[in-house]
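Below: one structure, written as structure tokens.
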């Protein structure tokens, strides 16, 4: 399993009246962490989209252990279960600046043709990038 980290500071707009991060915001945090992981290994999502490849979410499961709060600096740990070919399976852990585990999640995405929305196999050049950086 391959692991990456991404940090995000909680903004006021992402919080509810109690200054807890609203549960709906976590999907955005996971998306940002995922796209930065891809960028760091040389797979820029906007370029993939220009090439007609998109990554819709098939499934997302989130467990909230403790609340993240306004102005926390969150460390999002992203684990990729295997080299993705048809689908991308990710696990997430969210920690605050005290290194307390706040949230865990699992997500499955698949690769699809941007125009037809039909599933597709990830092109070989991207599989090679993954293998170079994740092995």
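Since every read-out is calculated from the coordinates, none of them should be taken as a lab result. All values derive from a computational prediction rather than experimental measurement. So basically every Cβ, Gly included, is an ideal-geometry build from the backbone, and we count neighbours across all protein chains shown.
Modelled spin-label separation between residue 117 and residue 131, with each label point placed 7 Å from Cα along the Cα-to-Cβ direction: 3.3 nm. Here the label points at residue 59 and residue 79, each 7 Å from Cα along the C-beta direction, are separated by 1.7 nm in the simple model. For the pair the stretch 2-36 / the stretch 114-132, the C-alpha centres are spaced 27 Å from each other.
Contact order, relative form, for the stretch 1-77: 59 percent (alpha carbon pairs under 8 Å, 6 or more residues apart, mean separation divided by residue count). In the chain, the DSSP-assigned H stretches of four residues or longer account for a calculated mean residue ellipticity at 222 nm of -7000 deg cm²/dmol, using -39500 (n - 2.57) per stretch and the full residue count as denominator. Computed over the stretch 2-134, relative contact order equals 29 percent, with contacts defined as Cα pairs under 8 Å that lie 6+ residues apart. The equivalent ellipsoid that matches the C-alpha gyration tensor of the chain spans semi-axes of 29, 16, 13 angstrom, in descending order.
Between 111, 30, 20, the GNM of the chain built on Cα springs shorter than 10 angstrom shows 20 fluctuating the most. Highest GNM mean-square fluctuation among 78, 47, 21, for the chain modelled with Cα contacts below 10 Å: 47.
Taking 100, 89, 36 as the candidate residues, the one with maximal mean-square fluctuation in a Gaussian network model of the chain, Cα springs under 10 Å, is 100.
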